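The values are calculated or read from the model by the stated rules, or taken from the named source; none is laboratory data. Quick caveat, the model's predicted, so the values are computed rather than measured. With ideal geometry, Cβ positions are generated from the backbone for all residues, glycine too; neighbour counts draw on all protein chains shown. For the accessible areas, the whole protein counts, side chains as well, though only heavy atoms, and no ligand, DNA or RNA atoms are used. Shrake-Rupley method; radii C 1.70, N 1.55, O 1.52, S 1.80 Å.
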Amino acid sequence: MNTFHVMKRILLQFRRDKRSVALMVVAPLLVLSLMWMVLDHDESNLELGAVDVPESMLEKLSSDTLDVETLSSSKAEEKLDEGMLDAVLYFENEEISLHLEGSDPNAAGAIQKELQSLRANQQSSMNIEYYHGSEDLGLFDYVGPVLIGFFVFFFVFIVGGVSFLRERTQGTLERLLATPIRRSEIVFGYLAGFGLFTILQSLVIASFSIYILGVFMDGNFFYVLIVTILLALAALSLGTLVSAFAKNEFQMIQFIPLIIVPQVFFSGLFPTEGLGTWVQVIGQMMPLTYGAEAMRGIMLREASFAEIQLEVYILLGFTALFTTLNIFALKKHRRL
């Protein structure tokens with residue numbers, strides 16, 4: 001009988017907490033749908049540029065997974081630099097050389113596998129050079145920049161959101177709002193105070209990943225630090241914004257499958273080139289997408305600030321947007 005009463009109480013709690021019930025149903029469906037969209041699609045073709053390669057040789061390169069484009073040397077170099085080609089094949093003085101873009105070890109390996117038959121038919125060996133990266137570049141080196149950005153974003157989102165929620169549930173925020181202090185001053189003060197911690201966190205995570213774990217690094221560490229700090233600020237402002245709609249810490253955790261998990265699938269850990277346009281548009285609405293792209297550009301392709309400035313400005317825009325919405329969200333908690 002006591003067991004029945006306990007069971008009844010739990011069922012009544014679920015009945016009152018419709019958000020938890022919805023999350024138990026909606027969140028798994030959302031995550032499964034994202035996995036299906038990202039993993040169950042045709043892989044995008046490899047892009048190969050050909051410079052002065054004979055037509056007879058090009059015919060041997062025809063493949064369902066390989067798109068070959070005949071280009072001039074300057075145009076091929078330009079496209080390789082912009083990441084629009086996975087490799088460029090040169091033919092000069094009866095010798096073949098392959099210049100791999102190199103930042104994606106999977107693509108580099110697939111290109112070389114596609115050209116195995118061509119190499120077998122050549123009497124001389126094929127000279128292979130890497131435009132970015134190196135032959136030793138591994139899978140962790142490729143996903144490492146994304147993981148650095150993700151862990152910074154995830155933990156700042158959780159810790160920042162829960163901390164701001166406690167300010168409200170413990171009555172501290174209500175007492176502050178009862179004073180003449182402005183809502184914007186509260187938000188900016190909180191972001192600035194917590195932001196100092198995020199700078200230290202970003203420095204520790206980036207330094208540990210690059211100098212202790214040995215994640216491949218070909219760019220400026222200062223740029224890596226800038227991007228990780230901007231990601232942390234975007235996560236902090238988003239976490240505090242979301243906390244305004246949570247009544248307790250458990251409800252704050254409930255937002256993870258809805259806000260954090262989708263960003264993982266669109267941040268670059270999984271290939272998205274073969275997805276539909278509307279799916280890629282969704283990915284462009286997420287801060288982690290831009291942070292991961294900038295981190296990969298810096299660490300794998302030695303990108304300059306000019307090459308990542310668009311991502312930097314977009315991350316600043318996300319932080320400004322979430323901060324502004326934070327100020328308006330506090331209005332409902334001000335009773336005076």
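Quick notes
- One residue alone among GLY144, GLY133 is assigned to a helix (DSSP H, G or I) and either more than 30 Å from SER56 (Cα to Cα) or of a type in the set (Asp, Glu) (or both), and that residue is GLY144.
- Helices (runs of 4 or more DSSP H) (entirely within segment 236-336) containing at least 1 residues that are under 17 Å from VAL143 (Cα atoms), open to solvent by 20 Å² or more (accessible area, probe 1.4 Å) and at pLDDT 85 or above: 287-301
- Scope segment 53-69; condition in a loop (DSSP other than H, G, I, E, B) and open to solvent by less than 70 Å² (accessible area, probe 1.4 Å); matching residues: VAL53, PRO54, LEU61, THR65
- Flag if THR228 is part of a helix (DSSP H, G or I), touching a residue at least 60 places away in the same chain (Cβ under 8 Å) and closer than 27 Å to GLY102 by Cβ: yes
- Once segment 178-211 is narrowed to residues that are open to solvent by less than 30 Å² (accessible area, probe 1.4 Å) and hydrophobic (A, V, I, L, M, F, W, C), the residue that is farthest from PRO145 (Cα to Cα) is ILE186.
- Of PHE153, PHE208, PHE197, all but one fail to be touching a residue at least 24 places away in the same chain (Cβ under 8 Å) and of a type outside the set (Gly, Ala, Ser); the exception is PHE153.
- Some residue of segment 221-229 being modelled with pLDDT under 90 and open to solvent by less than 30 Å² (accessible area, probe 1.4 Å): no
- Segment 156-172: number of residues that are more than 28 Å from VAL264 (Cα to Cα), open to solvent by 60 Å² or more (accessible area, probe 1.4 Å) and either charged (D, E, K, R) or in contact (Cβ under 8 Å) with a residue 12 or more places away in the chain (or both): 2
- Between ILE210, ILE186, ILE205, the distinction of being assigned to a helix (DSSP H, G or I), closer than 23 Å to LEU238 by Cβ and at pLDDT 80 or above belongs to ILE205 only.
- Pick from segment 70-117, criterion outside any helix (DSSP H, G or I), free of Cβ contacts under 8 Å to residues at least 24 places away in the same chain and more than 30 Å from the chain's Cα centre (by Cα), ranking: farthest from GLY49 (Cα to Cα): ASN93
- Number of the exception - VAL152 against (1) at pLDDT below 80; (2) crowded, with 22+ Cβ neighbours inside 10 Å: (1)
- Looking only at segment 124-160, and only at residues there that are of a type in the set (Ser, Thr, Tyr) and more than 17 Å from the chain's Cα centre (by Cα), the one that is farthest from PHE188 (Cα to Cα): SER124
- Residue satisfying all of: in segment 218-270; farther than 24 Å from ALA192 by Cβ and charged (D, E, K, R); farthest from the chain's Cα centre (by Cα) among these: LYS247
- Only one of the numbered conditions (1) at pLDDT below 80; (2) open to solvent by less than 50 Å² (accessible area, probe 1.4 Å) is violated by ARG175, and that is (2).
- Here is the figure for segment 157-172: residues that are modelled with pLDDT under 80, in a helix (DSSP H, G or I) and among the polar types (S, T, N, Q) total 2.
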